[in-house]
Amino acid sequence: MAVVREFTLPDLGEGLTEATIVHWMVEVGEVVAIDQPVVEVETAKAMVEVPCPYGGVVTARFGEEGEEVPVGAPLVTVAVGAVPDDLAGMGPGTGPGGAGAAHDAPDAGPSATASAGASGPAADGSADAGSGNVLVGYGTSAAAARRRRIRPGSGTGPVAGAPRKPGAADGSAGTGVAHGAPAGSGATGARAAAVGVAGTTGANGSVGAAVADGSAGAGVAEADSRTAPVISPLVRRMARENGLDLRELTGSGRDGLILRTDVECAIRARQERETAGRAGAVTSVGAQGMSGATGIVGAGMTGAVGAATTAGTVRALGTTGAGAAAGEERIPLRGMLGAAAEKFSRSRREIPDATCWVDADATELLASRRAMNVPGAPKVSLLALLARIATAALARFPELNATVDTKAQEIVRLPAVHLGFAAQTDRGLVVPVVRDAHARTVEELSAEITRLTETARAGGLSLAELTHGTFTLNNYGVFGVDGSTPIINHPEAAMLGVGRIAAKPWVHEGELAVRQVVQLSLTFDHRVCDGGTAGGFLRYVADCVEQPALLLRGL
């Protein structure tokens with residue numbers, strides 16, 4: 001009697017939710033071995049051969065080559081027990097008649113059901129079955145020698161030649177049935193086989209006696225056959241390393257699927273309980289120490305001693321809260337500070353950013369600014385010049401003036417440049433936005449940047465002046481630093497950083513000279529463009545800094 005097992009697409013990498021079928025490596029009706037690759041899929045930029053944790057005959061395939069399948073969707077179904085266990089372990093073509101012999105193989109009977117549980121990973125994530133790791137973080141984990149395991153059945157004693165569980169001195173413990181012996185009947189035998197010896201292991205590590213009949217076996221199976229709905233090997237490993245029982249967790253995924261966040265929340269909750277327990281112990285010990293050997297505060301204690309009891313005890317022992325050190329200052333993440341913290345965190349969670357940088361000779365840029373700031377003319381700031389260079393670069397590389405719609409899975413290129421710039425105020429860092437910066441002259445940019453900066457420092461910026469930016473210019477050189485790898489202002493796709501301009505030795509026109517050098521950096525969302533586009537953008541910005549006349553070509 002064969003048991004049909006469904007193998008679904010596992011989580012092959014953190015954050016991946018689907019894969020594309022590139023090439024099927026097995027056909028329907030073919031015999032596969034445990035951990036034999038059955039399909040080649042493409043995830044992002046990687047090609048991966050996916051091994052099946054079951055051995056038997058392939059009864060169905062799901063999905064055509066070139067089709068995208070989500071994680072958790074079925075890939076193949078395998079009839080475990082349709083061929084003898086030793087033939088399934090040999091792989092296709094190795095048994096008599098090759099893969100075609102599977103159709104003529106005799107039914108292995110109830111014993112095939114008993115061996116089904118050994119074909120796949122343990123249901124509870126304990127990874128005690130299978131033939132060996134096949135992919136990093138995925139595959140069955142135990143050695144091949146442990147694949148054939150003893151199963152409890154209806155026999156009352158050991159069968160001659162049947163293997164025993166280590167530590168079993170006689171047939172009273174760890175007894176089971178060998179292949180070919182009866183293993184119960186119908187669903188009762190199947191459930192008992194699914195649990196196997198592991199389901200009857202006692203607290204002291206010894207194996208319980210075999211069940212006397214099919215009904216008793218069913219009872220044991222029903223009691224211990226809980227399975228954890230989890231498909232990610234990473235989730236199983238995290239739970240195993242942190243001593244969590246996945247069967248005790250409630251998954252937040254579809255159909256109760258246990259996700260990585262569920263395991264992380266469980267670990268954090270346990271750590272918080274342990275921390276609170278330790279803090280309570282410290283408080284209790286402190287109270288006892290202040291009240292005498294018996295731990296009872298005497299009625300005649302002075303106010304000084306009384307102040308050291310209960311909550312005051314913690315402070316007297318040098319703490320201000322659960323696990324907090326004396327003298328700590330706690331600042332609530334509220335208001336502008338809380339909003340900025342949430343935006344930074346979201347940017348790091350959602351945006352796969354990368355940074356490139358280059359040094360540039362800004363001597364000619366400073367000279368151009370001096371020439372523009374003649375008496376009677378509108379003042380032009382250095383930041384306005386850099387803003388004009390940035391808008392010209394975005395006109396050449398519009399890929400960076402974009403955002404990513406994660407729900408629709410689309411890159412949205414924006415028609416207008418609304419340029420944000422970082423401004424430090426007494427209330428913290430804010431990013432005012434110059435609307436339609438691409439349509440403004442240098443003088444207009446300078447005037448608007450000055451107005452927004454003064455309004456920001458006065459705390460009078462409106463919501464419209466702080467939102468809907470498409471690109472950010474960050475002049476951290478005002479703090480006297482050369483470089484930075486800033487966090488992208490979510491949901492934008494890039495940020496141009498400018499360091500301090502300092503006199504440095506520089507090769508100019510073939511000779512060593514002292515020049516005004518600046519470091520430029522670009523942090524960009526790698527989803528919207530590759531390194532070639534980002535490098536081209538930054539190189540154009542550097543060329544305009546070194547030769548401001550290049551801007552005239554784009555006007």
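The values are calculated or read from the model by the stated rules, or taken from the named source; none is laboratory data. Here the structure is a predicted model, which is why all the values come from computation and not from measurement. Heads up, the Cβs are rebuilt from the backbone with ideal geometry, glycines too, and the neighbour counts pull from every protein chain shown. Please note that ligands, DNA and RNA were not included when accessible areas were found on the heavy atoms of the full protein model with its side chains. Shrake-Rupley method; radii C 1.70, N 1.55, O 1.52, S 1.80 Å.
Would you be able to tell me the number of residues in region 501-530 that are touching a strand residue (DSSP E or B) at 6+ places or on another chain (Cβ under 7 Å) and touching a residue at least 12 places away in the same chain (Cβ under 8 Å)? It would help to see each step written out before you state the result.
Keep residues of region 501-530 that are touching a strand residue (DSSP E or B) at 6+ places or on another chain (Cβ under 7 Å), which gives 501-506, 508, 512-528.
Still in the running and touching a residue at least 12 places away in the same chain (Cβ under 8 Å): 501-504, 506, 508, 515-528.
Residues in region 501-530 being touching a strand residue (DSSP E or B) at 6+ places or on another chain (Cβ under 7 Å) and touching a residue at least 12 places away in the same chain (Cβ under 8 Å): 20 in total.
Give me a count of the residues in region 337-362 that are out of contact with any helix residue (DSSP H, G or I) (no Cβ under 8 Å at 6 or more places or on another chain) and among the β-branched types (Val, Ile, Thr).
Total satisfying the criteria: 2.
Could you say whether any residue in region 522-529 is assigned to a strand (DSSP E or B) and either aliphatic (A, V, I, L, M) or more than 16 Å from Trp357 (Cβ to Cβ) (or both)?
yes
Given Ala402, Ala362, which one is surrounded by 12 or more Cβ atoms within 10 Å (Cβ to Cβ) and within 30 Å of Val507 (Cα to Cα)? I'd like the intermediate steps shown before the answer.
Values: Ala402 fails: within 30 Å of Val507 (Cα to Cα).
Result of the check over Ala402, Ala362: Ala362.
Do you know which residues across region 413-439 are free of Cβ contacts under 8 Å to residues at least 40 places away in the same chain, in contact with a strand residue (DSSP E or B) (Cβ under 6 Å, 6 or more places away or on another chain) and either within 22 Å of Glu399 (Cα to Cα) or exposed (fewer than 15 other Cβ atoms within 10 Å of the Cβ) (or both)?
Result: Arg413, Val433.
Quick check: anything in region 430-438 closer than 30 Å to Thr363 by Cβ and in a loop (DSSP other than H, G, I, E, B)?
Within region 430-438, one or more residues are closer than 30 Å to Thr363 by Cβ and in a loop (DSSP other than H, G, I, E, B).
Output the residue which, of all residues in region 463-494 that are touching a Pro at 6+ places or on another chain (Cβ under 8 Å) and more than 18 Å from Phe537 (Cα to Cα), is modelled with the lowest pLDDT.
Leu466
Only one of (1) at pLDDT 95 or above; (2) closer than 26 Å to Arg370 by Cβ is not met by Ala422, so which one is it?
(1)
Give the residue that is nearest to Pro486 (Cα to Cα), with candidates limited to residues of region 505-526 that are surrounded by 15 or more Cβ atoms within 10 Å (Cβ to Cβ) and not aliphatic (A, V, I, L, M).
Taking region 505-526 as the starting set, the residues that turn out to be surrounded by 15 or more Cβ atoms within 10 Å (Cβ to Cβ) are 506, 515-525.
Next, only the ones that are not aliphatic (A, V, I, L, M) stay: 506, 515-516, 519, 521, 523-525.
Details: Trp506: 27, Arg515: 26, Gln516: 23, Gln519: 14, Ser521: 9, Thr523: 7, Phe524: 10, Asp525: 12 Å.
Out of the qualifying residues, it is Thr523.
In region 30-60, how many residues are more than 11 Å from Arg5 (Cβ to Cβ), outside any strand (DSSP E or B), at pLDDT 90 or above and under 25 Å from the mean Cα position of the chain (by Cα)?
The total comes to 0.
Return only the number of the condition from (1) outside any loop (DSSP other than H, G, I, E, B); (2) at pLDDT 90 or above; (3) within 27 Å of the chain's Cα centre (by Cα); (4) of a type outside the set (Lys, Arg) that Gly63 does not satisfy.
(1)
Do you know which of the residues in region 257-272 that are part of a helix (DSSP H, G or I), surrounded by 13 or more Cβ atoms within 10 Å (Cβ to Cβ) and under 14 Å from the mean Cα position of the chain (by Cα) is modelled with the lowest pLDDT?
Taking the candidates together, the pick is Arg260.
For region 440-458, give me each residue that is part of a helix (DSSP H, G or I), of a type outside the set (Ser, Thr, Tyr), under 42 Å from the mean Cα position of the chain (by Cα) and surrounded by fewer than 19 Cβ atoms within 10 Å (Cβ to Cβ).
So the first thing to find is which residues in region 440-458 are part of a helix (DSSP H, G or I), and the list is 442-457.
Next, from what is left, pick out any that are of a type outside the set (Ser, Thr, Tyr): 442-445, 447-449, 451-452, 454, 456-457.
Adding the requirement that they be under 42 Å from the mean Cα position of the chain (by Cα) leaves 445, 448-449, 452, 454, 456-457.
Within region 440-458, Glu454, Arg457 meet the criteria.
Mind listing whichever residues of region 492-503 are part of a strand (DSSP E or B) and either among the hydrophobic types (A, V, I, L, M, F, W, C) or loosely packed, with under 13 Cβ neighbours inside 10 Å (or both)?
Answer for region 492-503, where residues must be part of a strand (DSSP E or B) and either among the hydrophobic types (A, V, I, L, M, F, W, C) or loosely packed, with under 13 Cβ neighbours inside 10 Å (or both): Ala494, Met495, Leu496, Val498, Ala502, Ala503.
Does Thr467 satisfy being of a type in the set (Val, Ile, Thr) and more than 34 Å from the chain's Cα centre (by Cα)? Step through it out loud before you land on a result.
Working: of a type in the set (Val, Ile, Thr): yes; more than 34 Å from the chain's Cα centre (by Cα): no.
No: the conditions fail for Thr467.
Does Ala384 satisfy the criteria of being in a helix (DSSP H, G or I), open to solvent by less than 40 Å² (accessible area, probe 1.4 Å) and in contact with a strand residue (DSSP E or B) (Cβ under 8 Å, 6 or more places away or on another chain)? Even if it seems obvious, please write down each step before you answer.
Numbers: in a helix (DSSP H, G or I): yes; open to solvent by less than 40 Å² (accessible area, probe 1.4 Å): yes; in contact with a strand residue (DSSP E or B) (Cβ under 8 Å, 6 or more places away or on another chain): no.
When the stated conditions are applied, Ala384 does not pass them.
Tell me which residues, restricted to region 466-485, are in contact with a strand residue (DSSP E or B) (Cβ under 6 Å, 6 or more places away or on another chain) and without any contact (Cβ under 8 Å) to a residue 40 or more places away in the chain.
Asp482, Ser484, listed by residue number.
How many residues, within region 527-555, are more than 25 Å from Val442 (Cα to Cα) and loosely packed, with under 13 Cβ neighbours inside 10 Å?
Residues meeting the conditions: 3.
Return the residues of region 404-441 that are of a type in the set (A, V, I, L, M, F, W, C) and more than 24 Å from Phe479 (Cα to Cα); say none if nothing qualifies.
Val404, Ala408, Ile411, Val412, Leu414, Ala416, Val417, Ala437, Ala439
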